[in-house]
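Student: Handing you a structure now.
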Amino acid sequence: MRKVSGLTSTKSQEKKGTFNVQAFLDSAGVSRTVEEFRKNEIIFRQGDPCENVSYVRKGTVQLSVVNEVGKEAVVAILGPGDFFGEGCLTGLPFRAATATAITPTSALAIEKNEMVRVLRTEHALSDRFISYMLGRNIQVEEDLVDQLFNSSEKRLARTLLLLARYGKQGEPQKMLPKVSQEMLAKMIGTTRSRVNFFMNKFRKLGFIKYNGGLHVYSSLLTVVLHE
């Protein structure tokens, strides 16, 4: 991990009596540190002290949990604009999941007390954070429904669309981060061989394409919507 300092400050915004959310999220300071992570580098581990909230500036972060018998499950893949580690704001003393950079990643680590202060005093950031957390909560509920009622084929199609950020603000990603079939299997609760079978099927049907990376087309929605 490499820490970076001397980035854009929000002081100029504060002098004008306004608060620039993006400037804050792009800046470093006494209680905010921009951290750079290599591919496959651990950001924090399940069970570590819960001391800050992180914001993904660029790159891709995987959240995973391990149960008592050592079985691992991938619970989220996060990209630019996503927060993680917010459990510290609820009084959670230890990390509930392991965060790993699955591509070179830059993240802003905001100390718990600083995050609490800004959420209380800066409504612009507070509104953005609350909106994000409500969206995350809805997605967790949808993930549960997906896991309980849908086939592994539908779950894989939905996961690929989420990784491509369909339904998010802005344009979908033209190319997905490099996510292994083993990781996809952990995310949807099936075997790697089943993932491989469905990925080949999606490719033959023209829903995805391998060309220097994995491209996902909106036509994959037909798998999710098909009864």
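Student: Among all helices in the chain defined by DSSP H, which have a length of 15 Å or more along the axis from Cα atoms plus a Kyte-Doolittle mean of at least -0.5?
Tutor: Once both thresholds are applied, what remains is 123-149, 152-163.
Student: Can you find, among 37, 145, 116, the residue sitting farthest towards the positive end of the charge dipole of the chain, where Lys and Arg contribute +1 and Asp and Glu -1 at Cβ?
Tutor: 37
Student: FRET efficiency for residue 204 and residue 148, Cβ-Cβ distance as r, R0 = 22 Å, nearest 0.05?
Tutor: Details: r = 29 Å, r/R0 = 1.31.
According to the calculation, E is roughly 0.15.
Student: If amide hydrogens are placed 1.01 Å from N in the peptide plane, which non-local residues have theirs closer than 5 Å to the one on residue 44?
Tutor: For residue 44, the qualifying residues are 99.
Student: In whole percent, how big is the carbon plus sulfur part of the accessible area of the stretch 62-155, probe 1.4 Å, protein atoms only? Numbers along the way, then the final one.
Tutor: Values: 2860 of 4930 Å².
The nonpolar share, carbon plus sulfur, comes to 58 percent.
Student: Let me ask something additional. May I ask for the net charge around residue 49, where only other residues with Cβ less than 14 Å from the Cβ of residue 49 are counted and Lys, Arg are +1 while Asp, Glu are -1?
Tutor: Working: positive: 45, 95, 112; negative: 48, 51, 111.
Taking every Cβ under 14 Å from that of residue 49, the sum is 0.
Student: What's log10 of I(q)/I(0) for the stretch 96-185 at q = 0.11, 0.12 Å⁻¹, Debye sum over Cα points only, no solvent?
Tutor: Summing over Cα pairs of the stretch 96-185 leads to -0.46, -0.55.
Student: FRET efficiency for residue 1 and residue 30, Cβ-Cβ distance as r, R0 = 22 Å, nearest 0.05?
Tutor: So the FRET efficiency works out to roughly 0.70.
Student: If only Cα atoms are counted, what is the Rg of the chain, and what is its Dmax, in Å?
Tutor: Final numbers for Rg and Dmax: 18.7, 58 Å.
Student: Using the structure shown, list the pairs from 178/204; 71/201; 58/178; 3/58 with a Cα-Cα distance above 18 Å, or answer none.
Tutor: 178/204; 71/201
Student: Here's something else I'd like to know. If R0 is 41 Å, what FRET efficiency do you get for residue 67 and residue 222 from their C-beta distance, rounded to 0.05?
Tutor: Plugging the Cβ-Cβ distance into 1/(1 + (r/R0)^6) gives 0.75.
Student: Please compute one quarter of the surface area of the Cα convex hull for the stretch 33-82 and express it in square nanometres.
Tutor: Across all orientations, the stretch 33-82 yields a mean hull projection of 4.0 nm².
Student: Under a point-charge model restricted to the Cβ atoms of Lys and Arg (+1) and Asp and Glu (-1), what is the dipole moment magnitude of the stretch 19-104 relative to its Cα centre, in debye to the nearest 20? Can you show the working numbers first?
Tutor: Values: 8 positive and 10 negative charges, 32 e Å.
Computed charge dipole of the stretch 19-104: roughly 160 debye.
Student: Hey, rough spin-label estimate for residue 132 and residue 58, points 7 angstrom out along Cα→Cβ, what's it come to in nanometres?
Tutor: So the two model labels end up 1.8 nm from each other.
Student: Using only DSSP helix segments of four residues or longer, with each worth -39500 (n - 2.57), what per-residue ellipticity at 222 nm results for the chain after dividing by its residue count and rounding to 500? Intermediate values should be presented prior to the final figure.
Tutor: Details: 8 runs with 85 residues, N = 227.
Value at 222 nm, helices only, nearest 500: -11000 deg cm²/dmol.
Student: Take residue 42, project a point 7 Å from its Cα along the Cβ direction, then tell me which residues of the stretch 90-105 have their backbone nitrogen under 20 Å from it.
Tutor: 93-105
The values are calculated or read from the model by the stated rules, or taken from the named source; none is laboratory data. Only a predicted model underlies this, so the values are computations on that prediction, with no experimental measurement involved. All Cβ positions, even for glycine, are placed from backbone atoms using ideal geometry, and neighbour counts span all protein chains on display. Surface areas here come from the heavy atoms of the whole protein model, side chains and all, with no ligands, DNA or RNA. Shrake-Rupley method; radii C 1.70, N 1.55, O 1.52, S 1.80 Å.
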